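Visitor: First the structure, which I've put down as structure tokens, then a few questions once you've had a look.
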Amino acid sequence: MASKPYTIRWGILATGGIAKTFTKDLLIDPSTRGASDVAHEVVAAASSTSASRAEQFLKDCGCPSSAKAYGSYKGLVADPNVDIVYVATPHSHHYQNARLCLEAGKHVLCEKAFTTNAAQAKILVELAKKKNLFLMEAVWTRYFPLAEELRAMVQEGKIGEVKRVFADLSFWNDVEKEFGTESRMVKMDLAGGALLDLGIYSITWVFQFLYHLQPPSHRKPPTVASSMTKYPQTGADEMTSIIMTFPSTGTHGIATTNLRVSHDPDSQASAGAPIRIQGTLGEIQVQGPAYRPTTYTLIPAKSESRGAPADFEYQKVTRDIPGHGMFWEADECARCLRDGKLQSEGLPWEESIVIMETMDEVRRQNGLRYPEAIESTVFPLEGF
Ligand SMILES: NC(=O)C1=CN([C@@H]2O[C@H](COP(=O)(O)OP(=O)(O)OC[C@H]3O[C@@H](n4cnc5c(N)ncnc54)[C@H](OP(=O)(O)O)[C@@H]3O)[C@@H](O)[C@H]2O)C=CC1
Ligand SMILES: O=C1OC[C@@H](O)[C@H](O)[C@H]1O
């Protein structure tokens with residue numbers, strides 16, 4: 001007889017756009033993605049606005065009627081039925097909200113970008129360690145089977161030595177009309193801007209192949225050269241381009257992000273792949289937005305004089321996503337809790353911190369500093 005799946009009980013902190021998408025994914029039967037070892041229950045949700053908003057959220061997502069609705073985040077983290085909290089507030093609030101959960105003894109999955117700066121991330125990690133709690137930055141893309149497949153392929157040397165990675169995540173927005181000055185995408189009080197919201201995905205594609213796959217002793221933070229253009233109405237970044245050089249290997253990662261032009265302007269991939277992983281034997285191109293890749297193409301290097309040294313043919317592969325795709329990171333959380341792990345191997349604490357440090361450096365080079373309250377490590381702060 002098959003053994004029962006290991007089930008974890010989720011509390012959802014915040015009721016905005018991504019909280020809804022994530023919660024709906026949690027409710028999808030894991031067997032539809034071939035998982036039988038873990039399962040998820042949504043037992044509570046909280047809104048900082050009102051309990052009725054949390055109640056409506058639970059209804060809209062189709063959660064069981066037994067799930068509790070809280071009108072404050074403090075109420076949620078005091079609920080003894082909650083094992084793990086999904087923090088889905090704007091970047092500005094991650095440090096305060098994730099810390100609230102950890103202080104209350106809850107495991108945490110915290111949306112990207114992990115925090116506003118690396119100093120905050122380090123404190124969360126130390127606290128999780130001290131309290132023996134699981135903590136993970138919700139860079140969901142890393143847990144897609146497609147991303148895992150590509151990491152394994154590169155690890156086994158399929159495309160030779162990887163020398164360079166290009167990654168872009170950019171959208172063609174009418175920034176003034178769509179975001180104005182109050183949207184979380186551009187508001188400084190919410191740590192808005194392209195870098196923390198979208199650029200982190202471009203950076204994560206670079207890191208997966210040029211940092212994560214290195215043996216731990218070779219994982220050294222990259223040097224950074226960057227440029228940024230700010231949105232005049234708020235001062236948040238609307239366009240950021242970064243060249244990272246990884247010192248152990250001399251490899252280059254080029255990560256770009258933009259709120260005004262798109263990686264896929266006609267939504268038909270006519271512009272080519274936004275992600276290119278370039279090795280000495282060929283390259284892998286990844287299609288789909290950088291946060292939700294659907295397809296990859298293997299392209300062997302060949303020339304008339306050198307032939308084709310690679311042992312693979314040109315191939316385009318598409319992988320099904322039976323839902324939005326956020327359940328894969330949720331499954332990872334469940335497996336880590338089951339196995340007593342405090343951090344995920346897919347995105348270890350140390351790597352999240354180095355990525356935050358990289359973004360800190362990009363901001364330093366370009367004079368982008370958020371308001372003091374949200375750069376602060378003081379806890380608790382009024383208003384969160
Ligand atoms: N993984 C992914 O694919 C995605 C991740 N994200 C990440 O998720 C986070 C939230 O984004 P998203 O859901 O789009 O944002 P929304 O604006 O839709 O929702 C944010 C929620 O946070 C809560 N909140 C608490 N304080 C504030 C405040 N001062 N201002 C605004 N909201 C506040 C609110 O919930 P309440 O009133 O209930 O407390 C609000 O509904 C960000 O970190 C973002 O980067 C976003 C989109 C996609
Ligand atoms: O994580 C994200 O992915 C999708 C984007 O549209 C969104 O702004 C971002 O937060």
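Visitor: Kindly state, to the nearest 0.05, the FRET efficiency for residue 314 paired with residue 243, given R0 = 41 Å and r defined as their beta-carbon distance.
Guide: Numbers: r = 29 Å, r/R0 = 0.70.
Here the calculated transfer efficiency is 0.90.
Visitor: Can I ask one more? Using the alpha-carbon centroid of each, what span in Å lies between region 77-144 and region 227-245?
Guide: Each part reduced to its Cα centre gives a spacing of 27 Å.
Visitor: Of the DSSP beta bridges with both residues in the chain, give the percent that are antiparallel, rounding to the nearest 5. Could the numbers behind the result be given before it?
Guide: On the way: 37 of 67 bridges.
Of those bridges, close to 55 percent are antiparallel.
Visitor: Hand me the tally of lysine pairs in region 155-255: alpha carbons under 20 angstrom apart, and the pair either on different chains or 8 or more positions apart.
Guide: Values: 163/220; 177/187; 177/230; 187/230.
So the count of such lysine pairs works out to 4.
Visitor: Continuing with the same structure: Please tell me the relative contact order of the chain in percent, rounded to the nearest whole number, where contacts are Cα pairs under 8 Å and at least six residues apart.
Guide: Values: 814 pairs, mean separation 70.9, N = 384.
RCO, the chain: 18 percent.
Visitor: Using the count of nearby Cβ atoms within 10 Å as a rough guide to exposure, how do 374, 254 rank from fewest to most?
Guide: Working: 374 23, 254 16.
Taking fewest neighbouring Cβ atoms as first place, the list is 254, 374.
Visitor: Based only on other Cβ atoms within 10 Å, what is the fewest-to-most ordering of 218, 94? Working shown, then result.
Guide: On the way: 218 12, 94 28.
Ascending Cβ contact count within 10 Å gives the list 218, 94.
Visitor: Going Cα to Cα from residue 106, which lysines come in below 27 Å? Please leave out same-chain ones fewer than 8 positions away.
Guide: By straight Cα distance, residue 106 reaches 4, 20, 24, 59, 68, 74, 122, 129, 130, 131, 341.
Visitor: Here is a further query. Return 172, 205 ranked ascending by Cβ neighbour count within 10 Å, so the fewest neighbours appear first. Walk me through the numbers on the way to the answer.
Guide: Working: 172 14, 205 28.
With the sparsest Cβ surroundings first, the list reads 172, 205.
Visitor: So, one more: Might you report the magnitude of the Cβ-based charge dipole of region 145-318 about its Cα centre, with Lys and Arg at +1 and Asp and Glu at -1, to the nearest 20 debye? Don't skip to the end; give the middle numbers.
Guide: Working: 16 positive and 19 negative charges, 97 e Å.
The calculation lands at about 460 debye.
Visitor: Where the only charges are on Cβ atoms (+1 Lys, Arg; -1 Asp, Glu), what is the dipole of the chain about its Cα centre, to the nearest 20 debye?
Guide: Numbers: 40 positive and 45 negative charges, 92 e Å.
So the dipole magnitude of the chain works out to roughly 440 debye.
Visitor: Mind ranking 179-191, 50-62, 303-315, 272-284 by how tightly packed they are, going by the mean number of other C-beta atoms within 10 angstrom, highest first? Working shown, then result.
Guide: Details: 179-191: 18.8, 50-62: 16.5, 303-315: 10.4, 272-284: 20.8.
The peptides rank, most packed first, as 272-284, 179-191, 50-62, 303-315.
Visitor: Once you keep just the Cα pairs under 8 angstrom separated by 6 or more residues, what percentage relative contact order results for region 85-168? If you can, show how the numbers build up before the last one.
Guide: Details: 90 pairs, mean separation 20.7, N = 84.
Here the relative contact order equals 25 percent.
Visitor: So if I place +1 on the C-beta of Lys and Arg and -1 on the C-beta of Asp and Glu, and nothing else carries charge, what would the dipole magnitude of region 1-124 be about its Cα centre? I want it in debye, nearest 20. Each step should come with its number before you reach the end.
Guide: Working: 13 positive and 10 negative charges, 40 e Å.
Dipole magnitude for region 1-124 comes out near 200 debye.
Visitor: Work from the charge dipole of the chain (Cβ charges, +1 for Lys and Arg, -1 for Asp and Glu, about the Cα centre) and give the residue of 221, 190, 293 farthest towards its positive end.
Guide: Checked the options; the winner is 221.
No lab work stands behind these numbers, since they all come straight from the coordinates. As the structure is a computational prediction, the values presented were derived from the model and not from experiment. No Cβ is skipped: glycine too gets one built from the backbone with ideal geometry, and neighbour counts run over all protein chains shown.
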